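See below for the structure under consideration.
The values are calculated or read from the model by the stated rules, or taken from the named source; none is laboratory data. Not measured: the values here are computed from a predicted model. Cβ placement follows ideal geometry from the backbone for every residue including glycine, while neighbour counts extend to all protein chains displayed.
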Amino acid sequence: RAKNHGRNQFHFYEQEMTAYAFERLELESAVRKALANEEFFLCYQPLIDLGTRRMSGAEVLVRWNHPEQGVLPPARFISLAEDSGLIVPLGEWVLRTACRQLRAWRDDGFDVPRVAVNISVRQLERKGFAALVAAILDECGLPASSLELELTESVLMETEEAFEVLEELDALGVRLSVDDFGTGYSSLSYLKRLPVHTLKIDRSFIMDVAEHGNNQAIVRAMIAMAKTLGLEAVAEGVESAGQAEFLTGEGCDQAQGYLFGKPVPSDAFRLAWAAAEV
Ligand code: C2E
Ligand code: MG
Ligand code: MG
Ligand code: MG
């Protein structure tokens, strides 16, 4: 009986898997169509210099305006796009659209210091990624210092090839940041070897930093680590004035979070930030 039971369970599991695979296949073709139909759009979230309290740049966050399901967050489609390889054309679209937006803002007298774009390992692995970045910057008439690329620790740990691409990007003058810092496994010696400029401390460490001593010591150490390595420290997910105060006191360079602004489409970003100080 036990054996039989196990068999049935296996069958059930197999069916679930098939349904799951089918759903992913459907979604995959939907993503492909969405790219062609221009259903993706970008939101921009301010990065704030904690010293001056001025906007120091914008992180670019992609959204999918799905015809039936409404606006979908990246959690619903990025990993799928990564698995299917569609992240390569999607990521290129994000990069080009963000750079064009920055160009348009500047031409219009709105001086956003830089845009920060999230990059997946699949993009980095592609031959000629650094050349693509250089071409897009050139196309938009932007200096490389206007662009920051955000990479997660797992991406950075991946391969020797990835490391070489990072060196090419660094040579271009593009800024590189380690996203979601603290959630991966990078060692101090490894970080020291990487041509990165910024550590973005993950939101999970920032969350209760104002209320509890727990994360205070960790965040303090992370900021100190950034300083030791000659890197800038950025705090993600800052939602309260108390958190911002703590971070400022600890010498954190920049912050990002709902306290300063949620991610919004380009027009709203311009309206909110064209003449603003925090
Ligand atoms: P991330 O790069 O760590 O981006 C920060 C995420 O935290 C964003 O979620 C942002 O909306 C959210 N956030 C910012 N401030 C706060 C806050 O104060 N409180 C809370 N609760 N959340 C805050 P979002 O837009 O849903 O993006 C999720 C992730 O999707 C990003 O995490 C990034 O890893 C990925 N992603 C977004 N756009 C792209 C893209 O164009 N390409 C790739 N490869 N990944 C992307
Ligand atoms: Mg990011
Ligand atoms: Mg992040
Ligand atoms: Mg994060």
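Which of the residues spanning segment 25-57 are of a type in the set (A, V, I, L, M, F, W, C), more than 16 Å from ligand 4 (Cβ to nearest atom) and touching a Leu at 6+ places or on another chain (Cβ under 8 Å)?
Those that are of a type in the set (A, V, I, L, M, F, W, C), more than 16 Å from ligand 4 (Cβ to nearest atom) and touching a Leu at 6+ places or on another chain (Cβ under 8 Å): LEU27, VAL31, LEU35, PHE40, LEU42, LEU50, MET55.
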* Scanning for something under 15 Å from LEU47 (Cα atoms) and touching a Pro at 6+ places or on another chain (Cβ under 7 Å), does segment 257-268 turn up at least one residue? -> yes
* Asked: Does ALA233 qualify as being surrounded by 21 or more Cβ atoms within 10 Å (Cβ to Cβ) and more than 13 Å from ligand 2 (Cβ to nearest atom)?
  -> yes
* Asked: Within segment 152-194, which residues are crowded, with 19+ Cβ neighbours inside 10 Å, within 15 Å of ligand 4 (Cβ to nearest atom) and part of a helix (DSSP H, G or I)?
  -> GLU153, VAL155, LEU156
* To do: Report, ordered by the first and then the second residue, all pairs with beta carbons closer than 7 Å, sequence separation of six or more or different chains, a first member in segment 106-125 that is more than 14 Å from GLY91 (Cβ to Cβ) and assigned to a loop (DSSP other than H, G, I, E, B), and a second member that is among the aliphatic types (A, V, I, L, M) and more than 16 Å from ligand 1 (Cβ to nearest atom).
  => PHE110/ALA274
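Matching residues to (1) closer than 11 Å to ILE206 by Cα; (2) touching a helix residue (DSSP H, G or I) at 6+ places or on another chain (Cβ under 8 Å):
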residue: GLU236; (1), (2): yes, yes
residue: SER240; (1), (2): yes, no
residue: GLN243; (1), (2): yes, yes
residue: THR248; (1), (2): no, no
residue: ALA255; (1), (2): yes, yes
residue: VAL264; (1), (2): no, yes
residue: LEU271; (1), (2): no, no
residue: ALA275; (1), (2): no, no
* Structure fact -> Within segment 58-96, the residues that are part of a helix (DSSP H, G or I), surrounded by fewer than 17 Cβ atoms within 10 Å (Cβ to Cβ) and within 16 Å of ligand 2 (Cβ to nearest atom) are PRO74, ALA75, SER79
* Asked: Mind checking which pairs have a first residue in segment 161-180 that is on the phi > 0 side of the Ramachandran plot and a second that is of a type in the set (Asp, Glu), Cβ under 8 Å, 6 or more apart or different chains?
  -> ASP180/GLU153; ASP180/ASP202; ASP180/GLU236
* Every pair of residues 6+ apart whose Cβ atoms lie under 6 Å, when the first sits in segment 48-62 and is over 20 Å from ILE119 (Cα atoms) and within 13 Å of ligand 1 (Cβ to nearest atom) while the second is at pLDDT 95 or above and not in a strand (DSSP E or B) -> ILE48/PHE260
* Asked: In segment 197-219, which residue that is closer than 13 Å to ALA244 by Cα and more than 13 Å from ligand 3 (Cβ to nearest atom) is nearest to the chain's Cα centre (by Cα)?
  -> MET207
